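Working notes for the structure below.
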Amino acid sequence: MTKHPIGVFISGRGSNLKSIINVCKDLSFPAKISVVFSDNPDAKGMELAYENNIDAISLDINDFKNKNDFEEEILKLIKPYNLELVCLAGYMRILTKRFIDKFPGRILNIHPSLLPKYKGLNTHRRAIENNESVAGCTVHYVNENLDDGEIVLQKEVRIDNNDTEHTLADKVLKEEHIIYPEAIKLALKK
Ligand code: GRF
């Protein structure tokens, strides 16, 4: 099976990165992570990249004049990897249209809500406050708007009466780790 080169962008913990690293170890999974990029050199997820001998790059936006220059440098550094897919996994920056246009229809993001509901932060708290009975997660293609773009996969999770935002986050995260690899497979088939 051909392994298509993908990049994973992170800013923090990296549990989704971990799940993608794990599935990529399977020879029948159609992708390999060629590079991990972080906008935060101290992101915990970077350790996973090092431990698994995956090339890891981090840049601090504060070292650049503006976001354009920052992204230009990212593009320059990832170019040699010829990425077929860029997977945002807890990457906390909105990409500019200029960046997105370099990877048309080839950037995915995972978001902890059933989009289009609850874009942005604190999704679980807001879902509970609104007495929702279901929450969930979504993998979608990225456009220049926050948590927007065509949906690839979603998974629902039931909200129980005793759920807090933390227990709900745990339940949803488990599903994230399942649907992101599935969504990568689907996107690579396109
Ligand atoms: C996940 O909940 C993801 O949906 C959101 O940010 C969180 C990242 O978690 N975009 P992790 O770094 O993958 O553990």
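With +1 on each Lys and Arg Cβ and -1 on each Asp and Glu Cβ, how big is the dipole of the range 1-111 about its Cα centre, in debye rounded to the nearest 20?
Values: 15 positive and 14 negative charges, 73 e Å.
Charge dipole of the range 1-111: 360 debye, to the nearest 20.
In vacuum, with every alpha carbon of the range 72-145 counted as one equal point scatterer, what does the Debye formula give for log10 I(q)/I(0) at q = 0.14, 0.15, 0.16, 0.19 Å⁻¹? Two decimals, please.
Reported log10 I(q)/I(0), two decimals: -0.52, -0.58, -0.64, -0.81.
Strictly over 31 Å apart at the Cα level, which of 65/185; 18/102; 79/117; 44/79; 18/189 would you flag in this model?
On the way: 65/185 37 Å; 18/102 26 Å; 79/117 34 Å; 44/79 24 Å; 18/189 22 Å.
In this structure, 65/185; 79/117 exceed 31 Å between Cα atoms.
Just report the Cα centroid separation between the range 1-28 and the range 120-190, whole Å.
18 Å
Where does the chain land on the Kirkwood hydrodynamic radius, alpha-carbon pairs, in angstrom? Write down the numbers at each step before the final one.
On the way: mean 1/r = 0.0590 Å⁻¹.
Taking the inverse mean of 1/r over all distinct Cα pairs, the chain comes out at 16.9 Å.
Between residue 102 and residue 69, what is the label-point separation in nm under the 7 Å Cα-to-beta-carbon projection?
Output for this residue pair reads 1.6 nm.
Under 16 Å from the Cα of residue 171, which aspartates and glutamates turn up, not counting those fewer than eight places away in the same chain?
Counting by Cα, and skipping residues close in sequence, residue 171 has these aspartates and glutamates nearby: 132, 156, 160, 163.
Could you please put 115, 186 in sequence from largest to smallest accessible area, using a 1.4 Å probe? Walk me through the numbers before you get to the answer.
Values: 115 10, 186 80 Å².
The residues order as 186, 115, largest area first.
Would you pull out the residues with amide H under 5 Å of residue 152's amide H, same chain only if 5 or more places away, H placed 1.01 Å from N?
Sorted by chain and number, the residues that satisfy this are 139, 140, 141.
If you put +1 on each Lys and Arg Cβ and -1 on each Asp and Glu Cβ, how big is the dipole of the range 135-190 around its Cα centre, in Debye rounded to 20?
So the dipole magnitude of the range 135-190 works out to roughly 380 debye.
Suppose every K and R has +1 on its Cβ and every D and E has -1 on its Cβ; what is the size of the dipole of the chain about the Cα centre, in Debye to the nearest 20? Present the calculation step by step, with values, prior to reporting the outcome.
Working: 26 positive and 28 negative charges, 107 e Å.
So the magnitude is around 520 debye.
For the range 1-77, take every pair of Cα atoms, bin their distances at 5 Å starting from 0, and report each bin as a whole percent.
Here the calculated profile for the range 1-77 is 3, 16, 26, 21, 16, 11, 5, 2, 0.
The values are calculated or read from the model by the stated rules, or taken from the named source; none is laboratory data. Note that the structure is predicted; figures quoted are calculated from it, not measured. With ideal geometry, Cβ positions are generated from the backbone for all residues, glycine too; neighbour counts draw on all protein chains shown. The protein model used for the area step is the full one, side chains on, heavy atoms only, and it has no ligands, DNA or RNA in it. Shrake-Rupley method; radii C 1.70, N 1.55, O 1.52, S 1.80 Å.
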